[in-house]
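First the structure, in the form of structure tokens, and then the observations on it.
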Amino acid sequence: MDFVITIDSQADLPLHRQVYEELRRAILSGRLAPGQKLPSTRRLAKSLSISRSTVTQSYEQLLSEGYLETTVGSGTFVCRRLPDDLLDTAPVESTPQQAGSSISLSAYGESLTERSLFYLPEPEAQISFSYGRPAFDQFPLNLWRQLLSRHCHADHDVLDYASNSRGYQPLREAIAAYLARSRAVKCSAEQIIMIGGSQQGLDLITRLLIDRGEWVAVEEPGYLGGRRAFLAQGACLFPVSVDESGLLVSSLTTGITPNIKLIYVTPSHQFPTGALLSLPRRLELLTWAQKSGVMIIEDDYDSEYRYGERPIPALQGLDQSDSVIYVGTFSKVLFPSLRLGYLVLPHSLIDVFTRAKWLADRQSSLLEQYALTDFINEGHLERHTRRMRSLYDQRRQTLVQSLVSHFGDRVQILGENAGMHLMVKIHTALNDAEIVQRAAQVGVGINSAYPYYLKANPGGEFVLGYAELNEQRIQEGIDRLAKIIFD
């Protein structure tokens, strides 16, 4: 092993003493743990560019004082039990920076210090209705391993830098064809850029299109990830209310509104209410955006899962004026740790986003892109989606039936016909915090919808994810929840 220590050949202190002090300090501070093997005197001397006799002299001093011990044929080790007087020695600590001497943060960095804006704890419980997590046990993991292995054994290209920061060309072609079939998105592979999940996409969009103080319209309530990205860049947020038919576009076309630069929407399954933006409102929104010069960010995070309703084309597919940036992800349909998503960009933005992506992380992982290309082209993606749609539909129905059975007219269910979660409004005298706390006490984890509102929310609203839970656990969880609220 190599071990880095600092010595100064110009210092008055002899070199053997410097090596001794550095190693002693490392032992007392815990940097060198009890029983840890040290490099040989020859190796350490070579790495420090000093004589071996200098290192040997330092080791001998540490051995005599009980810091080190040797084992014939094995080497030199830190003593597992240091002498009593050494155990009482206070650990060597680095000197803390003086108050006010720390490096000042940028405006962007300062915005990230507000912890409450960026962290929402996930419910940890025996039965957790957390949202956004697919049924991991249903993913064809063996097949995915085979696809990865296929490309690991193919050639060495997977180890190199990508030739294009937009992503693997065959994958972008496969995604373009998939989107045309499933979402009526109109694009070529050249308009697609691969990203590390939808959150990186939102970050790139915000950095490139928004300056501090400019306005972004967001849904009310709405997705926290989008709001966080906009606030971190110094944007001002203009909330637009949502009803059972999605965004109230009339709030933008009538009355006084600020000079909006972007609008962020989740039209196919509004988060968190689950509302579907109706076709008339989609056309109204596109018309307004074209006239106002506003760019629409369409986040289509889980549109693959619709139950019993005819799908409505994506906003991007209806757009006639290059007013939409389409954001897609494989986190929900496959698995979150894949970290592959994509942007579908208007032609005018392709070059600048390509450069920004290169600066952000150069490229997305090639191995996963190769495997995902095969997963799509060989039909596995659509087969998996169909199978999961059927499974999630069963779990959704179980959740709805359990809510109706246990809560009756004391619950209102929203957005149950799509996605991997639904939202409920519970009529009770308890506040949200009390319900969450009582639920946790009986092993049930739920999320209040309170954080998704910019303005004061009505209370009693909760987001229930069901994709990861089997039917028995869904029924048991709702039974426990009803008892702690109404008993």
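What follows draws every value from the coordinates through simple rules; no lab data is involved. Since this is a predicted model, take the numbers as computed values, not measurements. Note that we place each Cβ from the backbone using ideal geometry, even for glycine, and neighbour counts take in every protein chain shown.
Some observations on this one:
- Sorted on the mean count of surrounding Cβ atoms within 10 Å across their residues, most packed first, peptides 428-436, 263-271 read 263-271, 428-436.
- Share of Cα-Cα pairs in the stretch 15-87 lying beyond 17 Å, as whole percent: 38 percent
- Taking a straight line from the alpha carbon of Lys425, these aspartates and glutamates sit under 13 Å away, with near neighbours fewer than eight places off in the same chain left out: Asp409, Glu416, Glu461.
- Separation of the stretch 9-45 from the stretch 193-211 is 47 Å, based on Cα centroids.
- Here Cys79, Cys152 are placed in order of increasing Cβ neighbour count within 10 Å, fewest first, which gives Cys152, Cys79.
- For the stretch 156-378: relative contact order, % (alpha-carbon pairs under 8 angstrom, 6 or more apart): 28 percent
- Across the stretch 130-255, the volume of the C-alpha convex hull divided among the residues equals 191 Å³ per residue.
- Inter-label distance for Tyr161 and Ser241, nm, one decimal - labels placed 7 Å from Cα along Cα-to-Cβ: 5.3 nm
- Nearest-ten-degree value, helix 350-361 long axis tilted from longest Cα axis of the chain: 40 degrees
- 3J(HN,Hα) couplings calculated from phi for the stretch 213-228 with the Karplus curve 6.51 cos²θ - 1.76 cosθ + 1.60 (θ = phi - 60°) are, in sequence order, x, 7, 9, 10, 7, 9, 6, 10, x, x, 6, 5, x, x, 4, 4 Hz; Gly and Pro show x.
- Note on the chain: Cα convex hull, mean projected area over all directions, 32.2 nm².
- Hits among lysines - C-alpha to C-alpha of Lys332 under 24 Å, sequence gap 8 or more where chains match: Lys186, Lys357
- 19 Å reach of a label modelled at Arg387, 7 Å along Cα-to-Cβ, counting backbone N of the stretch 331-373: 331-338, 371-373
- Cα long-axis angle, helix 366-377 against the chain (0 to 90 degrees, to the nearest 10): 30 degrees
- Neighbour counts of other Cβ atoms within 10 Å put His347, His151, His421 in the fewest-to-most order His347, His151, His421.
- Computed over every Cα-Cα pair of the stretch 250-325 and binned at 5 Å starting from 0, the pair-distance distribution P(r) comes out as 3, 15, 27, 25, 17, 9, 3, 1 percent.
- Where only C-alpha atoms are counted, convex hull volume of the stretch 438-487 per residue in Å³: 85 Å³
- Helix 141-152 vs. the chain, principal-axis angle (Cα, 0 to 90°, nearest 10): 60 degrees
- Neighbour counting of Cβ atoms within 10 Å sorts the residues Ile205, Ile446, fewest neighbours leading, into Ile446, Ile205.
- Relative packing of peptides 48-57, 330-339 - highest average C-beta neighbours within 10 Å first: 330-339, 48-57
- At R0 = 25 Å, FRET efficiency that the Cβ-Cβ distance of Ala11 and Glu60 yields, to 0.05: 0.75
- Over the chain, dividing the summed -39,500 (n - 2.57) contributions of all DSSP H runs of at least 4 residues by the number of residues returns a 222 nm mean residue ellipticity of -12000 deg cm²/dmol.
- Within the straight-line cut-off of under 13 Å between alpha carbons, the aspartates and glutamates reachable from Lys291 are Asp319, Asp322, sequence neighbours fewer than 8 places apart in one chain being disregarded.
- Model label sites at Ser47 and Ser188, defined 7 Å from Cα along the beta-carbon direction, differ in position by 5.4 nm.
- Across the stretch 430-487, the relative contact order, built from alpha-carbon pairs under 8 Å that are at least six residues apart, equals 39 percent.
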